[in-house]
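Just so you know, all these numbers are worked out from the coordinates, no wet-lab data involved. Keep in mind it's a predicted model, so treat the numbers as computed, not measured. All Cβ positions, glycine included, derive from the backbone under ideal geometry; neighbour counts span all protein chains shown.
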Amino acid sequence: MHIRLGGAAGEVTGSSYLVETSRAKVLVDFGMFQGGKLADQQNRLNDWIPAQQLDAVVLTHGHLDHCGRIPILATLGYSGPIYCTLSTVEVTRVILLDSANLQESDAERSNKKRIRAGKPLQYPLYREEDVEQIMQQFKPVRYSAPREIAPGISIRLEDAGHILGSASVEMTIEDQGKRRVVVFSGDVGPKHAPLLRDPVTFSSADVVFLESTYGDRDHRPIEETKQELLKILQGAERAREKVLIPAFAIGRTQNLMYHLAEMFRNRDLAKLPIFIDSPMATKATEIYMRHPAIMDDETKALAARKQLDQDLSELRYTVTREESMAINEVDQPCIVIAGSGMCTGGRILHHFKHNLWRENVQVVIVGYMGHDTLGAALVHGAKHVKIHGERIVVRASIHTLGGFSAHAGRTELLEWIAPVAASQPRVVLTHGEPGPREALGKEIQRRHGLDIAYPLLGDRIEL
């Protein structure tokens with residue numbers, strides 16, 4: 001029995017684990033590598049996946065770095081089930097169709113230049129028809145309900161509190177007279193976050209695969225972060241400035257809407273026009289509204305009396321390209337929330353292209369920016385950036401707010417693993433860059449005396 005790392009080993013994208021026994025093969029997550037010059041190449045090197053021999057796939061949640069390569073399985077001949085929560089099925093379909101559309105558009109645009117230059121054509125990783133084909137293989141699983149998914153392998157999903165439908169996985173593996181319990185944390189959310197319930201942990205395991213994105217630090221307290229955002233927005237209102245916020249369409253956008261509604265409700269801020277300039281975020285918000293049962297009690301109460309609808313009366317969803325372009329002509333203070341979260345694509349790039357060079361623009365970074373992304377360049381104070389091949393000077397004010405993260409910080413990760421640590425599992429730290437995951441590992445080892453592994457891409461963990 002062993003588990004092979006197919007991504008997120010020493011980095012934060014490409015999450016994937018191949019579980020193999022003498023009787024079964026199960027894939028947990030199959031995420032896309034994002035950012036960096038090698039990302040596209042890594043996404044295309046999938047010969048290590050025995051797609052036609054897989055018994056099952058388990059998906060922790062619908063973010064692209066966890067689900068983004070799943071349609072490739074269809075092209076490799078996988079025809080088996082994919083298990084996840086019902087809301088993750090819905091979220092994943094939105095994410096993957098958007099990904100396929102962007103890839104096809106990028107390939108079409110690139111190939112016009114390649115043909116003129118005599119270069120080989122570029123092909124997308126997958127197309128929309130591949131997404132539609134693989135979505136037929138998804139099988140919803142309820143939280144806390146054990147499910148056998150392959151010979152000798154069963155799973156139990158618990159709420160990870162990261163985005164709607166996100167789950168941590170308890171996998172029980174029996175093979176050749178041996179029994180092992182392996183926990184995959186997925187992405188663990190922070191406690192007391194808006195909309196979602198707090199993450200659930202486990203009581204015992206033989207091996208724990210734990211994310212370590214923020215293993216070296218805690219986030220700024222949410223109340224301080226909200227006050228900082230409020231000051232930026234109040235200043236933009238007074239100076240009649242535009243505020244651009246790149247945000248993940250699923251999770252971060254809905255959290256921001258919640259906090260803005262609260263500011264308007266408390267009359268801390270005048271009701272500024274808000275543009276949700278992301279078709280994906282629009283669809284994701286509709287999915288959130290369809291699943292109130294898995295939200296926290298406060299959100300259920302607000303939804304029951306339609307309070308959020310009243311608070312966000314100035315909110316506008318821009319779906320078409322023309323509606324998005326029209327935002328450039330808005331001559332009043334406003335808030336534009338657009339994808340993608342790491343500024344690697346999507347409509348935020350067009351808003352940056354039209355506004356980064358202006359002095360009367362505020363850019364608010366509210367999430368993690370992967371290495372070598374445009375968002376990371378802005379966070380680190382770049383004076384110029386390149387967008388769609390054009391060099392753009394950065395005159396806009398750039399603000400970085402760390403408290404809105406959908407990931408647990410260092411203290412919360414340590415709290416999450418504490419109950420299971422008593423069973424003395426081996427801990428495998430993934431989904432984190434070297435510094436954060438090593439810092440987390442040393443603290444877990446100091447507190448609990450556990451064996452810590454720091455695998456690299458392609459490594460095998462023996463069970």
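For segment 180-329, state what percent of all Cα-Cα pairs lands in each successive 5 Å bin, counting from 0 Å until the bin that includes the largest distance.
Using 5 Å bins, I get a P(r) of 2, 7, 14, 19, 18, 16, 10, 7, 4, 2, 1, 0, 0 for segment 180-329.
Under 1.5 on a/c is rounded, so check that first for segment 119-247, then, if it is not, pick prolate when a/b is larger than b/c and oblate when it is not; a ≥ b ≥ c are the square roots of the alpha carbon gyration tensor eigenvalues. Could you put the intermediate results ahead of the total?
Numbers: a/c = 2.63, a/b = 1.49, b/c = 1.76.
Judged from the Cα gyration tensor, segment 119-247 comes out oblate (a/c at least 1.5, b/c at or above a/b).
Tell me the relative contact order for the chain as a rounded percent, counting alpha carbon contacts under 8 Å between residues six or more apart.
Across the chain, relative contact order equals 20 percent.
Given contacts defined as C-alpha pairs under 8 Å and at least six residues apart, what's the relative contact order of segment 222-400, whole-number percent?
30
Need the C-alpha centroid separation for segment 69-116 versus segment 357-374, integer Å.
First find each Cα centre; the distance between them is then 26 Å.
Roughly what % of DSSP beta bridges within segment 340-463 run antiparallel, to the nearest 5?
Around 40 percent antiparallel, to the nearest 5.
What lysines could a cross-link reach from residue 300, if we take a straight Cα to Cα line under 28 Å and drop same-chain neighbours fewer than 8 places away?
Qualifying lysines at Cα under 28 Å: 139, 191, 226, 271, 283.
With both bridge residues required to lie in segment 56-214, what share of the DSSP beta bridges run antiparallel, to the nearest 5%? Don't jump to the answer; show the numbers that get you there.
Details: 17 of 25 bridges.
If I count the DSSP bridges inside segment 56-214, around 70 percent turn out antiparallel.
Just from its helices, what would the mean residue ellipticity at 222 nm be for the chain, if runs of 4 or more DSSP H residues each count -39500 (n - 2.57) and the sum is divided by every residue, rounded to the nearest 500 deg cm²/dmol?
Mean residue ellipticity at 222 nm (helix-derived): -10500 deg cm²/dmol.
Let me know the charge dipole size of segment 81-204 about its Cα centre in debye, to the nearest 20, where only the beta-carbon of Lys, Arg (+1) and Asp, Glu (-1) is charged.
Result for segment 81-204 is approximately 400 debye, rounded to the nearest 20.
On a 0 to 90° scale, report how tilted helix 252-265 is relative to the longest principal axis of the chain, with both axes built from alpha carbons and the result rounded to the nearest 10.
Value to nearest ten degrees: 50.
Against the longest alpha carbon principal axis of the chain, how many degrees, from 0 to 90 and to the nearest 10, is the axis of helix 86-117 turned?
70
Would you mind classifying segment 124-179 by shape? Square roots of the alpha carbon gyration tensor eigenvalues, ordered a ≥ b ≥ c; an a/c under 1.5 is rounded, otherwise it is prolate if a/b is larger than b/c and oblate if not.
oblate
In the chain, what percentage of the DSSP-assigned beta bridges are antiparallel, given to the nearest 5?
50
I'd like the orientation of helix 279-290 relative to the chain: the angle between its Cα long axis and the longest Cα principal axis, in ° from 0 to 90, rounded to 10.
With rounding to tens, the tilt is 60 degrees.
For the chain, rounded, prolate or oblate, judged on the Cα gyration tensor with a ≥ b ≥ c (square roots of eigenvalues), a/c < 1.5 rounded, else prolate if a/b > b/c?
prolate
Only Lys, Arg, Asp and Glu count, each charged at its Cβ (+1, +1, -1, -1), so figure out the dipole size of segment 222-400 about its Cα centre, rounded to 20 debye. Display every interim value, and only then the final one.
Details: 23 positive and 22 negative charges, 71 e Å.
Rounded to the nearest 20 debye, it is 340 debye.
How large is the translational diffusion coefficient of segment 1-112 in µm² per second when you combine the Kirkwood radius over alpha carbon pairs with Stokes-Einstein at 20 °C and 1.002 mPa s?
148
Using +1 on the beta carbon of Lys and Arg, -1 on that of Asp and Glu, and nothing else charged, what's the dipole of segment 48-153 about the Cα centre, debye to 20?
420
What whole-number distance in Å separates the alpha-carbon centres of segment 408-463 and segment 129-177?
With segment 408-463 and segment 129-177 each reduced to a Cα centre, they are spaced 22 Å.
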